[in-house]
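Single-structure report; data block below.
The values are calculated or read from the model by the stated rules, or taken from the named source; none is laboratory data. Everything quoted here is computed from the prediction, not taken from an experiment. We place every Cβ from the backbone using ideal geometry, glycine too, and count neighbours over all the protein chains shown.
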Amino acid sequence: MITHEVSASPISHGVRGAPAIEVSGLRRSYGDFEAVRGISFQVQPGELFALLGTNGAGKTTTIEVLEGFSPPTAGSVRVLGHDPYAERAEVRSRTGLMLQEGGFFGDLTVAETVRFWRDVSPRKPYSALEIMERVELADKAEVRVRQLSGGQKRRLDLALATLARPEVLFLDEPTTGMDPEARRNTWAVIRDLVGSGTTVLLTTHYLEEAEQLADRLAIMHAGRIELSGTVAEVVAAHGHSIRFQHPAQVAAHHLPELGGVRPQVEGGTVEYRLGPDPVGTQQALARLLAWACDHHLVLTRLEVRSASLEDVFLEVAHGA
């Protein structure tokens, strides 16, 4: 079973009140291609910030700059108050990195891999066994890394990224390839790290993962941040919708207007996309039901729902 042991002593984040991560006007180009186009955000100590976006949105490039692998083309970044590229030695020992692909020695066993990384780590708060138990790999201790499944390799990645209990942890698609149970167990490990004071910057394609873990998030598209805030703030700004099955006897142009909104009809479903005001949504629903009664209609599969993070994400991804 996964264990979630954390040190009783809090992590020191340096200057009190200073952001653990600060990005200001960041731009990063590769030749004529600008992958990141002037983004800004801050992550506070002990916060989990999720950076979302489609493939090519600029998420991984942003993380690579923050990890010190490449310098900004313009703008600035700070991790724990330092430039991660120019002052890499000051930052590296205090951060953990979980990249999309790990660089393992396939012929080493899991235990040998963990012991090697632990031996070269500046801090050793956990034993090798505790590290493996945290990510449920203790039973794979004598298995060679090349024999692990993709999901098991990701769990080993997480073990190595967190074995020194970093002050700032970068997680780039951490649960790719994991089954649902392993993914939820990994979330528990991440929650414990955040609860003990670790600052986490997460990228993920699993929107449920962001909803479950993130204190705040930003959605990138084409190198820019389009939306940011808490999950509740981002979702609330995109309102509510009313949906029902399109009555066969009613032409689309005869459907009523609700709150100044015309319906969208697609695949046999009628949808009204309304604003964030719940009173306005309730009034729209009342008008719709009155219209249905006046026309002796039964609206099948009728539902009223708030926007989901997936709805918001897809709108941004499609340039809506």
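Considering region 279-311, and only residues there that are closer than 23 Å to Leu51 by Cβ and out of contact with any helix residue (DSSP H, G or I) (no Cβ under 6 Å at 6 or more places or on another chain), the residue that is surrounded by the most Cβ atoms within 10 Å (Cβ to Cβ) turns out to be Asp311.
Looking at Thr198, Thr204, which is the one that is over 11 Å from the mean Cα position of the chain (by Cα) and among the polar types (S, T, N, Q)? Step through it out loud before you land on a result.
Values: Thr204 fails: over 11 Å from the mean Cα position of the chain (by Cα).
Going through Thr198, Thr204 in turn, the sole match is Thr198.
Only one of the listed residues (Thr186, Thr162) is more than 22 Å from Glu208 (Cα to Cα) and either in contact (Cβ under 8 Å) with a residue 24 or more places away in the chain or surrounded by fewer than 19 Cβ atoms within 10 Å (Cβ to Cβ) (or both). That residue is Thr162. When each of Gly177, Gly151 is tested for being touching a residue at least 12 places away in the same chain (Cβ under 8 Å) and part of a helix (DSSP H, G or I), the lone residue that passes is Gly151.
Using the structure shown, decide if Val312 is within 30 Å of Gln44 (Cα to Cα), out of contact with any Phe, Trp or Tyr (no Cβ under 6 Å at 6 or more places or on another chain) and outside the structural domain of Thr73 (by TED's automatic domain parsing). Break it down into steps so the answer makes sense when it comes.
Values: within 30 Å of Gln44 (Cα to Cα): yes; out of contact with any Phe, Trp or Tyr (no Cβ under 6 Å at 6 or more places or on another chain): yes; outside the structural domain of Thr73 (by TED's automatic domain parsing): yes.
The answer is yes for Val312.
In the condition set (1) buried (at least 18 other Cβ atoms within 10 Å of the Cβ); (2) more than 22 Å from the chain's Cα centre (by Cα), Gly81 is compliant with all but (1). In region 222-231, the count of residues that are in a loop (DSSP other than H, G, I, E, B) and buried (at least 22 other Cβ atoms within 10 Å of the Cβ) is one or more. Every listed requirement among (1) buried (at least 19 other Cβ atoms within 10 Å of the Cβ); (2) touching a residue at least 40 places away in the same chain (Cβ under 8 Å); (3) not β-branched (Val, Ile, Thr) is met by Arg123 save one, (1). Answer with yes or no whether Glu173 is touching a strand residue (DSSP E or B) at 6+ places or on another chain (Cβ under 8 Å) and under 23 Å from Thr113 (Cβ atoms). Yes: the conditions hold for Glu173. Answer yes if at least one residue in region 200-216 is more than 29 Å from Ile39 (Cβ to Cβ), charged (D, E, K, R) and either modelled with pLDDT under 95 or assigned by TED's automatic domain parsing to the domain that holds Val65 (or both), and no otherwise. The answer is no; no qualifying residue exists.
With respect to the conditions (1) under 16 Å from Arg183 (Cα atoms); (2) among the charged types (D, E, K, R); (3) surrounded by fewer than 22 Cβ atoms within 10 Å (Cβ to Cβ), Asp139 falls short on a single one, namely (1).
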